[in-house]
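Since every read-out is calculated from the coordinates, none of them should be taken as a lab result. This one's a predicted model, so the numbers in the text were calculated from it and none came from an experiment. Cβ coordinates were reconstructed from backbone atoms using ideal geometry, including for glycine residues, and neighbour counts include every protein chain displayed.
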Amino acid sequence: MNTHSIYDKFVLKHTPPPSSKADAYWFAFSKNRLLVMDNEDHIDIPKANALETVGIHPVRTQYLGTYEDVDCYSAELENVDAPEGFSYIDLRKVFEAINEDMFLLAGRAKQIMEWDRDHQICSRCGTPTEHNRFDRSKKCPNCKLSQFPVLSPAVIMAVHKGNEILLAQSRRFASSGWYSVLAGFVEPGETLEEAVAREVMEEVGLEVKNITYFNSQPWPFPHSLMIGFTAEYAGGEIVLQDEEISEAQWFTRDTLPKVPGKISIARKLIDHFINTHQASS
Ligand SMILES: [Zn+2]
């Protein structure tokens, strides 16, 4: 199973070091775009001294921890143009343009930057919040409400039937031409397995069994945690939920349609199916 972790190189910390920030990585965002340094044939995450040299000063920063012993910060920028030698890129592009570690760190940084920006005042009583140095929370000094970064868990599942996999076209991504596995947000009060069974029933009208954990992936668009499962077909005929799904079919390994890119857990679930099933049914 293809699992990737940054925790052999990244150490999560909440308290920034007293030392200078000059050599730290800065994951700096203006709106939803990441500021990167352009080099001749590649791009890099900039360090603080490179940003200071070109007069970029963040509105707010948050300490993330260390990556290969280098301090990492998230930073919120005003709506400023990229200076010479820099450019803004979409977060999804970081995966291919640099590597998966930097994509995961930048996704983490973006969510923490947004939480910092959006929780400057208490949502219950309106008092300015205070940052807690020892965990990722802000506390209201008046009513004591604690606010942590928002995470929205979503289940994503590959349904198998013999040597076939169920893939569907979502109306939201219809223009991409992709077929993918089903997915949906977890509702308050349900287990992950209940969410898998409910979403498959709602979206395509099928019953499933043997729901088995696969792996998970942070998905910072805007703040999901994708929790992957495999499941086996247990009964029913495909009936589409018209508002969300435009098409759903069973495919064998040798009849697969266009599928999502390697950045996604959806692709890892499809690749897992390919690696564990015969070519024809
Ligand atoms: Zn309050």
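So how tilted is helix 100-118 from the main axis of the chain? Cα-based, degrees 0 to 90, rounded to 10.
On a 0 to 90 degree scale, this one is about 70.
For Cα pairs less than 8 Å apart in space and 6+ apart in sequence, what is the mean separation divided by the residue count of segment 216-281, i.e. the relative contact order in percent?
Details: 40 pairs, mean separation 17.9, N = 66.
For segment 216-281, the relative contact order is 27 percent.
Tell me the mean residue ellipticity at 222 nm calculated for the chain from its helices only (DSSP H runs of n ≥ 4, each -39500 (n - 2.57), averaged over every residue, nearest 500).
Details: 5 runs with 57 residues, N = 281.
My calculation for the chain gives -6000 deg cm²/dmol from helical runs alone.
On a 0 to 90° scale, report how tilted helix 192-204 is relative to the longest principal axis of the chain, with both axes built from alpha carbons and the result rounded to the nearest 10.
That helix lies at roughly 60 degrees to the long axis.
Name all residues of segment 218-233 having a backbone nitrogen under 18 Å from the label point set 7 Å from the Cα of E202 along its Cα→Cβ direction, giving them as ranges.
222-229
Give, as a single signed number, the net charge of other residues whose beta carbon lies under 15 Å from the beta carbon of I112, with Lys and Arg counted +1 and Asp and Glu -1. Could you put the intermediate results ahead of the total?
Details: positive: K13, R60, R108, K110, R117, R133, R136, K138; negative: D71, E76, E114, D116, D118, D135.
Cβ neighbours under 15 Å give a net charge of +2.
What is the local net charge at I270, summed over the other residues whose Cβ is closer than 13 Å to its Cβ (Lys, Arg +1; Asp, Glu -1)?
Surrounding charge for I270 is +3.
What relative contact order, as a whole-number percentage, does the chain give when Cα pairs under 8 Å and 6 or more residues apart are counted?
Numbers: 537 pairs, mean separation 42.1, N = 281.
In percent, rounded to a whole number, it is 15.
I want the local charge near L34. Using Cβ-Cβ distances under 9 Å, sum +1 for each Lys or Arg and -1 for each Asp or Glu among the other residues. Before the final figure, lay out the partial values.
On the way: positive: R33, K93, K110; negative: D90.
Net charge around L34: +2.
List the pair-distance distribution P(r) of segment 10-118, using every Cα-Cα distance, as the percent of pairs falling in each 5 Å bin from 0 up to the bin containing the longest distance, rounded to whole percents.
2, 13, 26, 27, 22, 9, 2, 0
Report the Cα centroid-to-centroid distance between segment 97-156 and segment 206-281 in angstrom, as an integer.
31
Run down the aspartates and glutamates and flag those whose C-alpha is under 15 Å from the C-alpha of K13, throwing out any fewer than 8 positions away in its chain.
Excluding near neighbours in sequence, the set is E68, D69, D71, D135.
Normalised radius of gyration for segment 85-234, please: alpha carbon Rg relative to 2.2 N^0.38 Å, two decimal places. Don't skip to the answer; put the middle values down first.
Values: Rg = 19.2 Å, N = 150, 2.2 N^0.38 = 14.8 Å.
The reported ratio for this selection is 1.30.
Would segment 107-178 count as rounded, prolate or oblate if I go by the C-alpha gyration tensor, calling it rounded below 1.5 in a/c and otherwise prolate when a/b exceeds b/c, oblate otherwise? It would help to have the intermediate numbers written out before the result.
Details: a/c = 3.65, a/b = 2.91, b/c = 1.26.
Prolate is the answer for segment 107-178, as a/c is 1.5 or above and a/b outweighs b/c.
For segment 148-235, give the magnitude of the charge dipole about the Cα centre (Cβ charges: +1 Lys/Arg, -1 Asp/Glu; no others), in debye to the nearest 20. Walk me through the numbers on the way to the answer.
Values: 5 positive and 10 negative charges, 62 e Å.
The dipole magnitude comes to about 300 debye.
Listing Y213, Y179 from the residue with the fewest other Cβ atoms within 10 Å to the one with the most, what is the order?
On the way: Y213 12, Y179 23.
Lowest to highest Cβ neighbour count: Y213, Y179.
Of the cross-linked pairs K110/K262; K47/K110; K31/K93, which ones have a Cα-Cα span greater than 19 Å in the structure shown?
Working: K110/K262 21 Å; K47/K110 16 Å; K31/K93 16 Å.
In this structure, K110/K262 exceed 19 Å between Cα atoms.
Of S180, T15, L91, which is farthest on the positive side of the dipole of the chain, counting Cα position, with +1 on Lys and Arg Cβ, -1 on Asp and Glu Cβ, and the Cα centre as origin?
Farthest along the dipole direction, towards plus: T15.
Report, in degrees rounded to the nearest 10, the 0 to 90 angle that the Cα long axis of helix 265-276 makes with the longest principal axis of the chain.
The two axes meet at around 40 degrees.
With both partners inside the chain, how many of the DSSP beta bridges are antiparallel, as a percent to the nearest 5? Let's see the in-between values first.
Details: 48 of 62 bridges.
Counting DSSP beta bridges with both partners in the chain, the antiparallel share is about 75 percent.
What does the convex hull of the Cα atoms of segment 152-276 come to per residue, in Å³, rounded to a whole number?
Values: hull volume 12.9 nm³, N = 125.
Per-residue hull volume (Cα only) is 103 Å³.
For the chain, what's the radius of gyration and Dmax over Cα atoms, in angstrom?
Rg and Dmax of the chain, Cα atoms, are 21.5, 65 Å.
What percent does the relative contact order of segment 158-265 come to when contacts are Cα pairs within less than 8 Å and at least six residues apart? Before the final figure, lay out each step's value.
On the way: 185 pairs, mean separation 38.5, N = 108.
Once normalised by length, the contact order is 36 percent.
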